[in-house]
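Please read the structure below before turning to the comments.
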Amino acid sequence: MYLADIFAPKFTLFTLNNNMKILFLPKFALLGIVIALSGCATNGDPRDPLEPLNRGIYQFNDTVDKAVMKPVAQGYKAVLPNPVRTGVGNFFSNIDDALIAVNNLLQFKFSQAASDVARLIANTTFGIGGLFDVATSFGLEKHNEDFGQTLGYWGIGDGPFLMLPLLGPSNVRDTVGLVAYYKLDPVLNLNHIPTRNTLGALRVIDRRARLLDAEKVLDEAALDPYTFLRDAYIQQRRSLIYDGNPPREQLEDEPAPVKKAEAAEGSLHSSGAPTGVPLAGTEEVKPQTVSEAPVMDASEKKLEAAAPAAPSAENKAEATANAETQSNEMPTLLAWLFRGGDAAGWQE
């Protein structure tokens with residue numbers, strides 16, 4: 001586990017003045033792109049052409065996390081009881097609802113945007129500033145949208161995978177989305193610098209503390225943590241952009257599907273004969289009615305009886321459900337790691 005898991009996209013920079021807070025953070029986030037795109041040998045995975053550089057940044061993030069953030073998070077968890085930590089998580093989750101509503105509006109999801117605004121009002125008032133999540137009990141569902149997803153909704157490709165210093169896993173599109181987030185985040189835009197820095201530090205520490213248990217799952221599940229995090233990030237972001245129903249990706253060595261009629265026609269006319277004209281020496285096959293069709297002989301009946309029966313609709317549905325379950329073995333972990341934004345999903 002490393003700082004990437006908590007700093008994306010909620011990293012807070014401690015500043016001495018208001019201008020540094022606004023200007024330096026986006027440039028720092030984009031610094032990873034500038035360095036990455038400056039030149040690096042491509043590797044095996046086409047989604048990660050900068051893997052050697054990204055692995056180096058991953059090691060840096062991991063080292064800083066083990067030296068600083070993890071010990072602090074462990075102390076935070078040991079000192080504060082669980083109800084207090086839950087209230088802290090709810091408070092920042094309530095703030096996130098404001099930006100989630102903005103992104104739902106930009107994606108024309110008006111009903112979800114209205115629900116987000118209602119959540120914000122309910123938790124801010126009845127939930128005492130967001131310390132208690134009363135909106136969920138009212139039937140107002142927590143959503144997960146950000147500016148990277150909004151860009152994806154409008155057809156912007158994700159681009160190469162990037163491992164940003166301290167900010168963690170990302171890609172070109174999501175990094176641009178981070179800049180928009182930093183410009184609009186209510187915490188980062190507080191004018192009172194001590195309050196801004198205190199809230200920023202508390203948010204980072206609280207998020208890291210909630211990942212301590214998820215870290216154990218990650219260590220046990222991944223032989224190569226970098227590859228696991230990269231693949232999980234790409235899969236999770238793709239799922240979020242398509243609202244949990246992404247289209248099936250075609251493999252590189254998988255041939256494009258060919259219609260049966262086109263395949264049959266292509267085989268008959270491979271010698272160059274025009275389409276629709278029967279080849280010389282062949283008889284034109286005329287459509288037959290049921291009464292004109294030949295009767296199946298005994299041998300063909302035996303072969304048909306020996307052939308395995310086609311799977312029923314129920315079996316197909318069961319197989320599809322099993323495959324979907326296997327492909328989503330750790331959805332909670334992925335939500336923790338990559339911009340989950342929901343404190344309720346982090347409960348221990």
The ³J(HN,Hα) series, computed from each phi in region 73-85 with the Karplus coefficients 6.51, -1.76 and 1.60 at θ = phi - 60°, rounded to the nearest Hz and given as x for glycine or proline, is 5, 5, x, 4, 5, 6, 7, 8, x, 4, x, 5, 5
Probe 1.4 Å, all chains present, heavy atoms only: Ser170 accessible area in Å², nearest 10, is 0 Å²
In order over region 230-239: 3J(HN,Hα) from phi, Karplus 6.51/-1.76/1.60, θ = phi - 60°, whole Hz, x for each Gly or Pro, gives 4, 5, 5, 5, 4, 5, 5, 5, 5, 5
Spelling it out for Asn171: with amide H atoms placed in the peptide plane at 1.01 Å from N, the residues 5 or more places away or on another chain with amide H under 5 Å from its amide H are Leu162
Residues whose modelled amide H sits under 5 Å from the amide H of Leu166, counting only those 5 or more places away in sequence or on another chain, are Asn61
Residue by residue through region 98-113, the couplings from Karplus 6.51 cos²θ - 1.76 cosθ + 1.60 with θ = phi - 60°, in Hz, x for Gly and Pro, are 5, 6, 5, 5, 4, 5, 5, 5, 5, 9, 6, 9, 5, 5, 5, 4
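The values are calculated or read from the model by the stated rules, or taken from the named source; none is laboratory data. Predicted, not measured: the structure shown is a model, and the values here were computed from it. With ligands, DNA and RNA removed, areas are computed over all heavy atoms of the protein, side chains included. Shrake-Rupley method; radii C 1.70, N 1.55, O 1.52, S 1.80 Å.
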